[in-house]
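Following: one structure in structure tokens, then a few remarks.
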Amino acid sequence: MKKVLIIGATSAIAQHCAQLWARRGDELYLVARNQELLKTIASDLKAKGAAETHIHHMDLNEIDNHFAMLKKAEETLSDIDTVLIAHGTLSNQKICEQSVVQTIAEMQTNALSIISLLTHIANLFEIKRSGTIAVISSVAGDRGRKSNYVYGSSKAMITSFTSGLRQRLNKANVAVVTIKPGFVNTPMTATLKKGLLWVKPEFVSAKIVKAIDQRKDEVYIPSLWWLIMTIIKIIPENIFKRINI
Amino acid sequence: MKIHGWGRYPKIDATLFYPKDQSECINYIKKNSFIPRGSGKSYGDSANAENVLQSLCLNQLIKFDKINGVIICQSGITFRDLISIIVPEGWFFHVTPGTSNITIGGAVAADVHGKNHHKKGSFSNYVLSIDMILGSGDFVSVTRDNLPDLFYATCGGMGLTGFIFSATIQLKRITSGKIFQSTKIFKSLEEICESFEKFSAANYSVAWLDTLATGKDFGRSVLFIGEHSDDENLSMNKFKSLNLPIKLGSFMINKHTMKIFNKIYYKKNSINKENKYLIDINNFFYPLDTIKNWNLIYGNSGFIQYQFVIPKNNSVSNLKKILKKINDHNQFSTLAVLKLLGKSNDNYLSFPMEGLTLALDFKLSNSIIKLIKFLDEMIVDMNGKIYLAKDALMSENTFKKTYSKWKKFQAVRIKYHANDKFVSSQSKRLGLL
């Protein structure tokens with residue numbers, strides 16, 4: 001039985017990961033803002049086989065409370081094997097372009113709050129010399145594009161930060177898994193027209209759980225995105241600035 | 001955004017809302033006039049409206065009592081999701097329809113039936129209680145004893161009485177993930193109808209009918225009988241489903257190709273006159289679920305699944321009249337499924353009643369719409385009725401003549417502040433105002 005801390009537990013991807021862990025009989029500590037939803041998710045996971053579920057509701061933008069939350073989780077679970085950080089918002093690029101306040105708010109949620117969590121978790125795990133930290137970044141972080149560079153650059157920060165953290169914690173036997181999903185089809189987008197690259201959260205979560213089991217470094221989901229982003233990354237800036245992708 | 005039912009007709013421009021919890025539902029319900037929608041698998045327009053409350057995010061299992069086989073779940077969870085949880089523990093649904101992609105909320109609202117209706121009745125017979133949100137925003141728990149009028153109106157009530165938030169359902173014990181299936185062929189309508197009576201002890205029975213065969217082949221059919229295996233092995237095959245580029249094949253659907261297809265299908269089943277084999281529970285109940293988008297086979301225009309039930313008296317001669325009418329109009333049904341239904345329940349709008357039910361698939365066209373008007377009249381004369389979960393065309397007049405408890409139903413809607421809140425394209429068409 002593993003002890004898993006899930007931060008942003010109400011997100012579609014996190015919920016599906018939690019279900020897979022529940023079916024294995026793991027013990028889960030769920031953190032998110034919506035208390036009512038957390039309660040139903042917790043009972044759902046319990047019914048599906050989780051050894052135990054604990055809920056902790058907090059606004060993850062309140063960085064000052066991160067350390068207390070982690071201490072509480074560690075105390076409740078008695079030890080943490082795996083952390084999944086899955087919270088975030090899909091920024092509205094057009095609004096952000098016109099609003100500094102909104103842009104900074106997106107950076108706060110999608111990057112700074114995660115970096116705060118990672119800093120604390122890294123220190124805890126480095127001392128006990130074990131554990132796996134998985135963070136959901138995005139393919140959007142690989143190169144800034146005009147259609148979503150606010151979201152993209154916040155994810156770029158996560159990708160860079162976890163890359164450095166992975167190097168630092170390698171000696172301490174702590175794995176850092178950077179997860180880069182592409183387009184994910186959640187119930188919210190169920191009726192939108194989908195291209196070939198859209199995948200279901202069930203698919204993404206199965207890959208995430210596997211990547212965590214295997215202590216992978218960086219995973220693109222589906223893996224075809226690795227190829228796509230590699231090509232996008234090598235386009236010279238001089239050409240990139242003129243094209244629509 | 002344009003939405004439609006499984007038959008892809010009719011379509012409507014709708015605004016969709018996906019609540020994540022009870023308070024979001026209550027806020028929405030207080031402010032809007034709308035229809036709840038689950039997976040959108042009802043064929044016609046029963047989940048169509050300008051405002052739609054999509055229940056798909058409300059998909060949590062609240063409690064699973066593995067000892068007594070009782071589940072409490074939110075309305076947006078699908079049969080597919082539940083099967084993977086309950087079957088390995090030795091439980092199954094008492095009643096399941098022919099697709100696992102529908103939600104529990106939809107199953108209650110349409111009071112769906114399956115291949116065992118003659119033995120077990122319909123889905124709502126195993127619903128122990130429903131937690132629902134009324135038009136006033138009040139949250140109530142409804143059972144056969146508590147607010148019974150609302151219970152009997154909500155089961156089979158097409159989402160028109162309130163929003164089904166969660167439900168408690170009694171499951172059935174199984175000891176195997178397999179079904180023992182046998183097939184038998186019959187050469188005439190008389191024979192197949194008699195066979196339903198003859199095999200009425202069987203738990204599951206349903207027949208495929210070749211409606212394109214004429215002359216001496218008229219009425220040829222294949223009966224499928226199923227029983228739960230008792231091999232003590234609860235494992236299931238991993239469920240796989242695919243999207244196929246099936247629209248490309250829609251030109252293949254015409255009278256000649258279907259005639260050939262039906263002939264091959266019948267011959268294939270008649271090679272061994274008595275065929276018995278063990279098949280996976282998913283393959284037995286949900287054969288079409290493996291192709292996620294099979295409804296696209298009829299192309300962009302969509303299709304109508306026309307399902308009616310007629311009383312047992314004179315059912316064979318009445319069935320012949322209906323098939324003749326279709327033929328006289330030079331139309332054809334691509335797929336026809338025949339089944340004997342058992343006794344009706346106490347719900348106000350549930351479809352099943354004792355008699356024969358036939359489901360026919362028609363590729364949509366103006367002439368089909370015209371034909372269905374004639375068929376509706378015939379069904380009224382035969383004291384039958386048409387299934388609301390598949391209906392897209394029935395007139396107010398036909399509905400009110402065939403659903404005898406509609407006034408009682410409407411009175412419940414008014415009593416619980418539902419009539420101006422829970423409104424679908426279908427309820428407007430049927431004059432439930």
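Observations on the model:
- Working note: Karplus 6.51/-1.76/1.60 with θ = phi - 60° gives segment B:137-147 the couplings x, 6, 9, 10, 9, 10, 9, 5, 9, 9, 6 Hz, where Gly and Pro are set to x.
- Estimated FRET transfer efficiency when R0 is 51 angstrom, pair A:Arg23-A:Lys241 (beta carbons, to 0.05): 0.60
- Mean partner shielding of peptide B:55-65, defined as the number of other chain Cβ atoms within 10 Å of each residue Cβ, is 5.
- Cleavage-rule hits, chymotrypsin sites (Phe, Trp or Tyr not before Pro), segment B:250-341, DSSP coil, Cβ neighbours within 10 Å at most 13: none
- Residue pairs, from the table B:Lys187/B:Lys263; A:Lys2/A:Lys155; B:Lys11/B:Lys41, whose Cα atoms sit over 20 Å apart: A:Lys2/A:Lys155
- In segment A:11-98, the GluC sites (Glu not before Pro) that fall in loop regions by DSSP, at most 14 other Cβ within 10 Å: A:Glu62
- Each Cα pair under 8 Å and six or more residues apart adds its separation to the average, and for chain B the resulting relative contact order is 19 percent.
- Theoretical gain in end-to-end length, B:Asn383 to B:Glu89 [0.36 nm per residue, Cα-Cα removed]: 101.5 nm
- Modelled label reach - A:Thr89, point 7 Å along Cα→Cβ, segment A:105-149 residues with backbone N closer than 16 Å: A:105-114, A:149
- Rounded to the nearest 10 degrees, the inclination of helix A:12-24 to the longest alpha-carbon principal axis of chain A is 40 degrees.
- Most positive-pole-ward Cα, B:His118, B:Phe151, B:Asn262, against dipole of the protein assembly as shown from beta carbon charges: B:Asn262
- For B:Phe34, the residues 5 or more places off, or on other chains, whose built amide H falls under 5 Å of its own are B:Phe422, B:Val423.
- Pairs from B:Lys119/B:Lys216; A:Lys46/A:Lys200; B:Lys238/B:Lys267 whose Cα-Cα separation, in the structure shown, is over 25 Å: B:Lys119/B:Lys216; B:Lys238/B:Lys267
- Spatial separation of Cα centroids for segment A:93-162 and segment A:1-71, in angstrom: 20
- Dipole of the protein assembly as shown [Lys/Arg +1, Asp/Glu -1 at C-beta], most positive-end residue of A:Thr230, A:Ser113, B:Ser344: A:Thr230
- When the charge dipole of chain A is built from unit charges on Cβ atoms (+1 for Lys and Arg, -1 for Asp and Glu) and taken about the Cα centre, the candidate among A:Asn61, A:Asn244, A:Gln98 whose Cα reaches farthest toward its positive end is A:Asn244.
- Estimated vicinal HN-Hα couplings, Hz - segment A:66-76 in sequence order (Karplus 6.51, -1.76, 1.60; Gly, Pro = x): 4, 5, 4, 4, 5, 4, 5, 5, 5, 5, 5
- Fully extended contour minus Cα-Cα distance, from B:Asn32 to B:Asn275, at 0.36 nm per residue: 82.0 nm
- Computed label-point distance, nm, for sites B:Asn327 and A:Asn34 using a 7 Å Cα→Cβ extension: 5.6
- Using the Cβ-Cβ distance between B:Phe139 and B:Phe374 with R0 set to 45 Å, the FRET efficiency works out to roughly 0.50.
- The charge dipole of the protein assembly as shown, taken about its Cα centre with unit charges on the Cβ atoms of Lys, Arg (+1), Asp and Glu (-1) only, comes to about 1980 debye.
- Segment A:22-79 - charge dipole about Cα centre, Lys and Arg +1 at Cβ, Asp and Glu -1, debye rounded to 20: 300
- Sequentially through segment B:351-360, phi angles give Karplus couplings (6.51, -1.76, 1.60; θ = phi - 60°) of 6, x, 8, 4, x, 9, 10, 10, 10, 10 Hz, Gly and Pro residues having no value and appearing as x.
- Here the calculated FRET efficiency for A:Phe67 and A:Lys194, from their Cβ-Cβ distance with R0 = 35 Å, stands at 0.30, rounded to the nearest 0.05.
- Assuming charge only on the beta carbon of Lys and Arg (+1) and of Asp and Glu (-1), the dipole of chain B about its Cα centre is about 1100 debye to the nearest 20.
Where a number appears in this text, it was derived from the coordinates with a stated rule and is not lab data. None of these values were measured; they are calculated from a predicted model. We place every Cβ from the backbone using ideal geometry, glycine too, and count neighbours over all the protein chains shown.
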